[in-house]
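> Starting off with a structure, shown below.
The values are calculated or read from the model by the stated rules, or taken from the named source; none is laboratory data. These figures come from a predicted structure and were not determined experimentally. Cβ placement follows ideal geometry from the backbone for every residue including glycine, while neighbour counts extend to all protein chains displayed.
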Amino acid sequence: MSDGASRQSRGWGLFALPAAAFVLGVYILSLALLIIRSFTERDGEVGIGVYVDMLASSGFQGVLVNTVVLALIAAVLSVAIGYPIAYTIARSRGFLRGFLFICVLTPYLTSILIRTFSWQVVLGQQGLINSLLTSVGLPKADLIYNSIATTIGLVHSQLPLVVLILVPVIQRVDPSRMLAARSLGAGPAESFFRVFLPATRSGIQVTFILALVYSAGSFAVPALLGGNSGRMLGSFIHGAIEEQANYSVAAAASVVLGLVVFLILLLFTALSRQKIQNVVAPQIAAAPAATAIADGSETEALTVVAPPAKKVRATTSLPARAVMVFAQALDRTRLSYLKGVGTGVSILLAVLILIPQLLAIPISFSGARALIFPPQTWSTTWYARFFEPTWLDPTIISFRVGIITALVATALGMLAAIGVSRTASKLLRGGITPFLLIPLIFPAVVAAGAFFIAFLKVGLIDTQTGIILAHVAITLPQAFIITLAGMQTLDPDYERAAASLGAGRARIVRRILIPLLSGQILASLFLTFITSFDESTIAIFLSGVSTKTLPRRIYEALAVQTDPTVGVVAVLFMALVAVIGIAWVITQRVRRKITQGRNQT
């Protein structure tokens, strides 16, 4: 780098300081106070008594085992179900590709509480499955408030993330590999399992680990679907705070959960030789592949990219041999030679992902309070009820919190991305990135417990300020990742040319970088707003009587009483996301046409 370029790159690192200070002062400090509280007993003495009593409790041991087992099962099923959908999306075009993406993205952009409500409709005593059973003369099944319901809810919640990570991984694998294997005598199934599947192993590993840690940290699903047999650590922590007011036990349980998740990530990164930030934020590993919206090229929003597939050595392990035996059996039966079977299975699985979401529509027009499907009577009562203060006020608060969160998180994330991408200090660049991604490492329920303990000391519980601070802390990494991907596609010569003409850094950011990053900024505003608006765990922990967000109101409606107004919320939220999505597509098409016109001119 020349002396002039070196001088020009100095000072950019200061742009990352506000975001780093915010993460340090809000998130890291809250975690530190959580750890301190976990060693503080009720009488004020400091020691490990809380951990000793908690770990010796048979109830906690059962919850801990439940958490690990259910998270493992959910992670395995999520990858097994999500892979064929991702494969079909990656290898298809046109209407089929768009349809499958809609089936996956619709739940992804919808609150986990609404998805859990949908499963209450499906699995309930008077729900969809039991209605089908009784219609054919079979007795009702006990499908809800057990570990099976928890597992189903966890798998459904993780599938969109698994698919979105695997799609770009599969797209990077050359399909001619399978053709080469077929030319050497391998059948379709054998060539897929022997050649294609190992080439995507890195993506499979990342999705499995993320599904595992996110399932282990789940709160809403086990709390609303699990009952006693499906209880997990998230609901245990919330019960210690909400029901027992035993904050030391809640802090200790949060530390145990956070430590388990961190050790899993640490072990995986050590074995796979990846950086931890590339695991919790896989799109960073291939940031240049994130096409800049600012240049008018087509992008797939919300697509995350796993590390490039590595060359895989042949293995003779027992699982590998079992898979090959299964593949060869498929080839011998000629089932693998049938065209369209894989596509049909993928379409069926994608529809099953979407159907629970759509069941909220008829429920919102039900005339009964009970969740009966199909509804026996029809009414618009619940739509009128939504516009009463008990529902409208929390909605307004959630909109206000979401807008402020999106603006603050995007501003801090954008400045940090500019600083990290343009600073000449490798130490600063290598240190700030993983530091800003720390909020992605630990589950939301751990952060919620930490925020509750910390904010309790300063009177921020049940306040909009407290919720906004917490939401900015967890959404800031999203904004940072999105804008960093955009910054890495921009040519720094633009800034150097402006600087040579006398423009200061503030003017360069305002007149050059912000216009070029406008697509990433809009995407960041959208994602951080949606994340804040439908974030449930932290909102449930921090909100209460005077400041009640919409997720908190939904949780109360599902946990305390049956209220079909939640179906109305689901319908309105899906409509909102659809309108924003359509507006986004139209905007990008207009931008591309304008850019093409300028290029032709």
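> Considering only residues that are surrounded by fewer than 16 Cβ atoms within 10 Å (Cβ to Cβ), at pLDDT 90 or above and of a type in the set (Gly, Ala, Ser), which ones fall in the stretch 375-426?
Ala384
> Within the stretch 205-238, work out how many residues are surrounded by fewer than 21 Cβ atoms within 10 Å (Cβ to Cβ) and modelled with pLDDT under 90.
4
> Okay, moving on. Give the residues of the stretch 522-539 that are assigned to a helix (DSSP H, G or I), among the small types (Gly, Ala, Ser) and modelled with pLDDT under 90, sorted by residue number. Please lay out each step first, then the result.
Here is the first cut: in the stretch 522-539, the ones assigned to a helix (DSSP H, G or I) are 522-534, 537-539.
This time we only want the ones that are among the small types (Gly, Ala, Ser), so: 523-524, 532, 539.
Of everything in the stretch 522-539, just one residue is assigned to a helix (DSSP H, G or I), among the small types (Gly, Ala, Ser) and modelled with pLDDT under 90, namely Ala523.
> Of the numbered conditions (1) buried (at least 18 other Cβ atoms within 10 Å of the Cβ); (2) modelled with pLDDT under 80; (3) not charged (D, E, K, R), Val173 satisfies every one except a single condition; which is it?
Exception for Val173: condition (2).
> Mind checking which residues of the stretch 157-167 are more than 16 Å from Leu100 (Cβ to Cβ) and either touching a strand residue (DSSP E or B) at 6+ places or on another chain (Cβ under 7 Å) or buried (at least 24 other Cβ atoms within 10 Å of the Cβ) (or both)?
First pass over the stretch 157-167, keeping only residues more than 16 Å from Leu100 (Cβ to Cβ): 157-158.
Within the stretch 157-167, just Gln158 meets the criteria.
> A follow-up question, please. Pairs, please: C-beta under 8 Å, at least 6 apart or cross-chain, first residue at negative phi and of a type in the set (Phe, Trp, Tyr) and in the stretch 105-118, second surrounded by fewer than 24 Cβ atoms within 10 Å (Cβ to Cβ) and not in a helix (DSSP H, G or I)?
That search, which allows pairs on different chains as well, returns Tyr108/Leu302.
> So in the stretch 418-449, with the set limited to residues that are assigned to a loop (DSSP other than H, G, I, E, B) and not polar (S, T, N, Q), which one is nearest to Phe22 (Cα to Cα)? It would help to see each step written out before you state the result.
Of all residues in the stretch 418-449, those assigned to a loop (DSSP other than H, G, I, E, B) come to 423-425, 437, 441-443.
Retained after the next criterion (residues that are not polar (S, T, N, Q)): 424, 437, 441-443.
Working: Ala424: 23, Leu437: 12, Ile441: 17, Phe442: 17, Pro443: 19 Å.
Applying the filter and picking the extreme gives Leu437.
> Looking only at the stretch 241-251, decide whether some residue is within 20 Å of Pro439 (Cα to Cα) and at pLDDT 90 or above. Steps first, please.
Going residue by residue through the stretch 241-251, those that are within 20 Å of Pro439 (Cα to Cα) are 250-251.
Now narrow it down to the ones that are at pLDDT 90 or above: 250-251.
Checking the stretch 241-251: at least one residue is within 20 Å of Pro439 (Cα to Cα) and at pLDDT 90 or above.
> Checking Ser57 against (1) without any contact (Cβ under 8 Å) to a residue 60 or more places away in the chain; (2) polar (S, T, N, Q); (3) closer than 30 Å to Val408 by Cα, only one condition comes out false. Which one?
(3)
> Condition first: under 22 Å from the mean Cα position of the chain (by Cα), crowded, with 22+ Cβ neighbours inside 10 Å, within 17 Å of Lys548 (Cα to Cα) and among the aliphatic types (A, V, I, L, M). Can you find one or more residues in the stretch 433-451 that meet it?
So far as the stretch 433-451 goes, yes, one or more of its residues are under 22 Å from the mean Cα position of the chain (by Cα), crowded, with 22+ Cβ neighbours inside 10 Å, within 17 Å of Lys548 (Cα to Cα) and among the aliphatic types (A, V, I, L, M).
> Let me ask something else about it. Consider only pairs whose beta carbons are under 7 Å apart and that are at least six residues apart or on different chains; among these, list those whose first residue lies in the stretch 514-531 and is closer than 21 Å to Thr110 by Cα and surrounded by fewer than 21 Cβ atoms within 10 Å (Cβ to Cβ) and whose second residue is at pLDDT 85 or above and not small (Gly, Ala, Ser).
Cβ pairs passing all conditions: Leu525/Thr410; Thr531/Thr475; Thr531/Gln478.
> If you don't mind, there's one more thing I want to ask. Please go through the stretch 450-468 and pick out each residue that is in a loop (DSSP other than H, G, I, E, B) and either touching a Leu at 6+ places or on another chain (Cβ under 9 Å) or aliphatic (A, V, I, L, M) (or both). Reasoning before the result, please.
First, pick out the residues of the stretch 450-468 that are in a loop (DSSP other than H, G, I, E, B): 459-463.
Answer for the stretch 450-468, where residues must be in a loop (DSSP other than H, G, I, E, B) and either touching a Leu at 6+ places or on another chain (Cβ under 9 Å) or aliphatic (A, V, I, L, M) (or both): Leu460, Ile461, Asp462, Thr463.
> Moving on. So the check is Cβ under 9 Å with 6+ separation or different chains; which pairs have a first residue in the stretch 76-90 that's within 17 Å of Ser202 (Cβ to Cβ) and a second one that's assigned to a helix (DSSP H, G or I) and charged (D, E, K, R)?
Ala90/Arg97
> Scan the stretch 481-497 for residues that are free of Cβ contacts under 8 Å to residues at least 40 places away in the same chain and either part of a loop (DSSP other than H, G, I, E, B) or closer than 19 Å to Gly413 by Cα (or both) and report the count. Walk me through how you get there before you give the answer.
Let us first name the residues in the stretch 481-497 that are free of Cβ contacts under 8 Å to residues at least 40 places away in the same chain, namely 491, 493-494, 497.
When the remaining residues are screened for being either part of a loop (DSSP other than H, G, I, E, B) or closer than 19 Å to Gly413 by Cα (or both), the result is 491.
Number of matching residues: 1.
> Determine whether the stretch 205-224 contains at least one residue that is farther than 30 Å from Phe541 by Cα and assigned to a helix (DSSP H, G or I). Spell out how you get there, then give the answer.
First, pick out the residues of the stretch 205-224 that are farther than 30 Å from Phe541 by Cα: 205.
Keeping just the survivors that are assigned to a helix (DSSP H, G or I) gives 205.
For the stretch 205-224, residues farther than 30 Å from Phe541 by Cα and assigned to a helix (DSSP H, G or I): present.
> Going by the conditions given, is Leu197 touching a Leu at 6+ places or on another chain (Cβ under 6 Å), closer than 21 Å to Ser78 by Cβ and aliphatic (A, V, I, L, M)? Full working, then the answer.
Details: touching a Leu at 6+ places or on another chain (Cβ under 6 Å): no; closer than 21 Å to Ser78 by Cβ: yes; aliphatic (A, V, I, L, M): yes.
When the stated conditions are applied, Leu197 does not pass them.
> What pairs can you find where one residue is in the stretch 205-230 and at positive phi, the other is not in a helix (DSSP H, G or I), and their Cβ atoms are less than 9 Å apart, with a gap of 6+ or different chains?
Correct list of pairs: Gly227/Ile144; Gly227/Tyr145; Gly227/Asn146.
> Continuing with the same structure: Which ones in the stretch 498-513 are assigned to a helix (DSSP H, G or I) and either out of contact with any helix residue (DSSP H, G or I) (no Cβ under 7 Å at 6 or more places or on another chain) or under 30 Å from Ala448 (Cβ atoms) (or both)? So that I can check it myself, show each step before the final result.
Of all residues in the stretch 498-513, those assigned to a helix (DSSP H, G or I) come to 498-500, 505-513.
Across the stretch 498-513, the qualifying residues are Ser500, Arg505, Ala506, Arg507, Arg510, Arg511.
> Report yes if Val52 is at pLDDT 90 or above, assigned to a helix (DSSP H, G or I) and either surrounded by 13 or more Cβ atoms within 10 Å (Cβ to Cβ) or touching a strand residue (DSSP E or B) at 6+ places or on another chain (Cβ under 8 Å) (or both), otherwise no.
On the way: at pLDDT 90 or above: yes; assigned to a helix (DSSP H, G or I): yes; either surrounded by 13 or more Cβ atoms within 10 Å (Cβ to Cβ) or touching a strand residue (DSSP E or B) at 6+ places or on another chain (Cβ under 8 Å) (or both): no.
No; evaluated as a whole, the condition is false for this residue.
> Identify all residues within the stretch 131-153 that are over 16 Å from Leu225 (Cα atoms) and either in contact (Cβ under 8 Å) with a residue 24 or more places away in the chain or buried (at least 22 other Cβ atoms within 10 Å of the Cβ) (or both); write none if there are none.
Here is the first cut: in the stretch 131-153, the ones over 16 Å from Leu225 (Cα atoms) are 131-140.
Of everything in the stretch 131-153, just one residue is over 16 Å from Leu225 (Cα atoms) and either in contact (Cβ under 8 Å) with a residue 24 or more places away in the chain or buried (at least 22 other Cβ atoms within 10 Å of the Cβ) (or both), namely Ser131.
> Kindly list the number of the only condition in (1) in a loop (DSSP other than H, G, I, E, B); (2) without any contact (Cβ under 8 Å) to a residue 24 or more places away in the chain; (3) of a type in the set (A, V, I, L, M, F, W, C) that fails for Val173.
Unmet condition: (2).
> OK, next. Filtering the stretch 332-366 down to residues that are of a type in the set (Lys, Arg) and outside any helix (DSSP H, G or I), which residue is farthest from Thr88 (Cα to Cα)?
Step one: list which residues in the stretch 332-366 are of a type in the set (Lys, Arg), which gives 332, 334, 339.
So of that shortlist, the ones also outside any helix (DSSP H, G or I) come out as 334, 339.
Numbers: Arg334: 20, Lys339: 13 Å.
Among those residues, the one meeting the criterion is Arg334.
> Kindly evaluate Phe373 against the criterion of being more than 26 Å from Phe15 (Cα to Cα), touching a strand residue (DSSP E or B) at 6+ places or on another chain (Cβ under 6 Å) and not charged (D, E, K, R).
Numbers: more than 26 Å from Phe15 (Cα to Cα): yes; touching a strand residue (DSSP E or B) at 6+ places or on another chain (Cβ under 6 Å): no; not charged (D, E, K, R): yes.
Spelling it out, it is not the case that Phe373 is more than 26 Å from Phe15 (Cα to Cα), touching a strand residue (DSSP E or B) at 6+ places or on another chain (Cβ under 6 Å) and not charged (D, E, K, R).
> While we're here: Which members of the stretch 546-564 meet the condition of being β-branched (Val, Ile, Thr) and in a helix (DSSP H, G or I)? First the steps, then the outcome.
The initial filter retains those residues of the stretch 546-564 that are β-branched (Val, Ile, Thr), namely 547, 549, 554, 560, 562.
Result: Ile554, single match.
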